[in-house]
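A.B. asks: Got a structure here, written out as structure tokens. Questions coming.
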Amino acid sequence: MAPTPSGRGSTRVHVVSDVHGNARDLARAGDGADALICLGDLVLFLDYADHSRGIFPDLFGEENADRLVELRTARRFEEARAFGARLWATVGTDRAAAIESAVRRQYAELFAAFPTPTYATYGNVDMPPLWAQYAGPGTTVLDGERIEIGGRTFGFVGGGLRTPMRTPYEIGDEEYAAKIEAVGEVDVLCTHIPPEVPELVYDTVARRFERGSRALLDAIRRTRPRYALFGHVHQPLVRRMRIGATECVNVGHFAGTGRPWALEW
């Protein structure tokens with residue numbers, strides 16, 4: 001990697017996750033860094049803090065968004081699914097087209113905001129088949145792969161595990177574990193979801209345990225990376241903890257904070 005403009009003789013990487021439509025802050029997220037890492041969830045389907053924002057309220061209005069959030073927060077997932085199905089029925093056979101069109105609009109803006117270089121992997125609400133159409137030459141998309149940045153090896157595993165929410169990029173435990181295995185031993189392990197540790201997967205605002213990965217936890221214990229970086233849980237009970245030799249860090253809900261997490265060596 002080329003020397004930094006400051007000539008400081010070190011490498012600085014900024015890391016973001018759960019961007020959820022925040023293109024304004026994303027455009028500045030790489031300022032002062034040699035590279036930006038994005039751990040996914042670019043799409044904003046529904047903002048739980050502001051129910052007027054996202055694909056869902058754009059299509060069905062804020063009042064219906066209020067109701068959907070209420071049902072999901074109460075873990076009444078079947079009722080939420082039935083409620084959503086009734087609304088989507090009004091769109092007819094164009095549901096997939098309506099969603100894809102909205103996602104494409106968001107991706108066009110968000111990928112244009114990425115600095116060069118950016119290394120990115122998918123979140124559970126992302127649509128991987130579309131990424132190749134929007135990622136420019138300065139953006140490298142990695143999933144079950146590794147790359148060297150500033151002399152350190154970074155591994156990337158995208159997506160989430162299957163949940164009652166049925167978000168777009170949820171995969172089975174075995175498929176996810178295979179991607180973890182493919183990455184192997186790295187200095188920094190970058191994933192969208194956290195390892196399966198209660199303190200790291202519990203969301204204090206949503207008041208529920210999100211899905212973490214047992215395979216990821218096992219890999220951290222076995223391969224002992226310097227860092228394990230992830231997002232997914234927007235308001236975790238614990239943002240940072242050590243697992244053996246590894247510093248595990250939730251790099252934050254970028255949509256809400258607008259601030260990247262920095263790693264320098």
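The values are calculated or read from the model by the stated rules, or taken from the named source; none is laboratory data. As the structure is a computational prediction, the values presented were derived from the model and not from experiment. Cβ: placed from backbone, ideal geometry, glycine included. Neighbour counts: every protein chain shown. To get the accessible areas, we keep the full protein, side chains included, count just its heavy atoms, and leave off ligands, DNA and RNA. Shrake-Rupley method; radii C 1.70, N 1.55, O 1.52, S 1.80 Å.
A.B. asks: Taking the Cα atoms of the range 128-208, report the difference between the largest and smallest coordinate on each principal axis, in whole Å and largest first.
C.D. replies: Extents along the principal axes: 39, 30, 27 Å.
A.B. asks: Right, here's the next one. List the trypsin sites (Lys or Arg not before Pro) within the range 119-224 that fall in a DSSP loop (any state other than H, G, I, E or B) and whose Cβ has at most 11 other Cβ atoms within 10 Å. It would help to have the intermediate numbers written out before the result.
C.D. replies: Working: sites: 146, 152, 162, 166, 179, 207, 208, 211, 214, 221, 222; in loops: 162, 166, 207, 211.
Answer by residue number: 166, 207.
A.B. asks: Looking only at Cα atoms, what is the convex hull volume of the chain per residue, in Å³?
C.D. replies: Values: hull volume 31.1 nm³, N = 265.
Spread over its residues, the Cα hull of the chain gives 117 Å³ apiece.
A.B. asks: Mind running the shape call on the range 169-265? Use the C-alpha gyration tensor, a ≥ b ≥ c as the square roots of the eigenvalues: rounded below 1.5 for a/c, prolate if a/b tops b/c, oblate otherwise.
C.D. replies: Because a/c hits 1.5 or more and a/b fails to exceed b/c, the range 169-265 counts as oblate.
A.B. asks: List every residue whose amide H lies under 5 Å from the amide H of residue 20, counting only residues 5 or more places away in sequence or on a different chain, with H placed 1.01 Å from N in the peptide plane.
C.D. replies: 42, 43
A.B. asks: Right, something else. Please determine, in degrees from 0 to 90 and to the nearest 10, the orientation of helix 173-183 with respect to the longest principal axis defined by the Cα atoms of the chain, where the helix direction is its Cα long axis.
C.D. replies: The two axes meet at around 20 degrees.
A.B. asks: Around residue 244, under 9 Å between beta carbons, what's the net of Lys plus Arg minus Asp minus Glu among the other residues?
C.D. replies: Details: positive: 221, 224, 242; negative: none.
Within the 9 Å Cβ shell, the charges total +3.
A.B. asks: Roughly how tilted is helix 95-113, in degrees to the nearest 10 and between 0 and 90, from the longest Cα axis of the chain?
C.D. replies: With rounding to tens, the tilt is 30 degrees.
A.B. asks: Carbon and sulfur atoms: what percent of the 1.4 Å accessible area of the chain do they account for? Intermediate results must be reported in sequence, preceding the final value.
C.D. replies: Details: 5880 of 12050 Å².
The nonpolar share, carbon plus sulfur, comes to 49 percent.
A.B. asks: Can you give the charge dipole size of the range 135-184 about its Cα centre, rounded to the nearest 20 debye, using +1 on the beta carbon of Lys and Arg and -1 on the beta carbon of Asp and Glu? Let's see the in-between values first.
C.D. replies: On the way: 5 positive and 8 negative charges, 36 e Å.
With Lys and Arg at +1 and Asp and Glu at -1, about 180 debye.
A.B. asks: Let me ask something additional. List the residues, sorted by chain then number, that are 5 or more residues from residue 140 or on another chain and whose placed amide H is less than 5 Å from its amide H.
C.D. replies: Those lying under 5 Å, H to H, from residue 140 are 118, 119, 120.
A.B. asks: Something else: Could you report the chain's accessible area per residue, 1.4 Å probe, as an integer in Å²?
C.D. replies: Numbers: 12050 Å² over 265 residues.
Ligands and nucleic acids excluded, the figure is 45 Å² per residue.
A.B. asks: Helix 77-89 against the longest principal axis of the chain: what's the angle in degrees, Cα atoms only, rounded to the nearest 10?
C.D. replies: 70
A.B. asks: Continuing with this model, one more query. Specify whether the C-alpha gyration tensor of the range 15-65 places it in the rounded, prolate or oblate class, a ≥ b ≥ c being the square roots of the eigenvalues: rounded for a/c under 1.5, otherwise prolate if a/b is larger than b/c and oblate if not. Intermediate values should be presented prior to the final figure.
C.D. replies: Numbers: a/c = 3.89, a/b = 2.98, b/c = 1.31.
In terms of gyration-tensor shape, prolate.
A.B. asks: While we're here: Using amide H atoms built 1.01 Å from N in the peptide plane, name the residues 5+ places from residue 192, or on other chains, whose amide H lies under 5 Å from its own.
C.D. replies: HN-HN under 5 Å from residue 192: 157, 159.
A.B. asks: Taking the Cβ of residue 62 as the centre, find all other residues whose Cβ is under 11 Å away and add up their charges (Lys, Arg: +1; Asp, Glu: -1). Don't skip to the end; give the middle numbers.
C.D. replies: Details: positive: 53, 67; negative: 47, 50, 58, 63, 66.
Neighbour charge sum, excluding residue 62 itself: -3.
A.B. asks: Looking at the range 54-171 from every direction and averaging, what is the projected area of its Cα convex hull in nm²? Write out the running numbers ahead of the final one.
C.D. replies: Values: hull surface 35.1 nm².
So the mean shadow area of the Cα hull is 8.8 nm².
A.B. asks: To continue, here is another question. Shape of the range 212-265 from its Cα gyration tensor (a ≥ b ≥ c, root eigenvalues): rounded if a/c is under 1.5, otherwise prolate when a/b > b/c, or oblate?
C.D. replies: Values: a/c = 2.49, a/b = 1.53, b/c = 1.63.
It is oblate, given that a/c is not under 1.5 and a/b is not larger than b/c.
A.B. asks: State the answer as a single residue: which of 115, 54, 65 lies farthest towards the positive end of the charge dipole of the range 1-127, with beta carbon charges of +1 for Lys and Arg and -1 for Asp and Glu, about the Cα centre.
C.D. replies: Ranked along the dipole, the leading option is 115.
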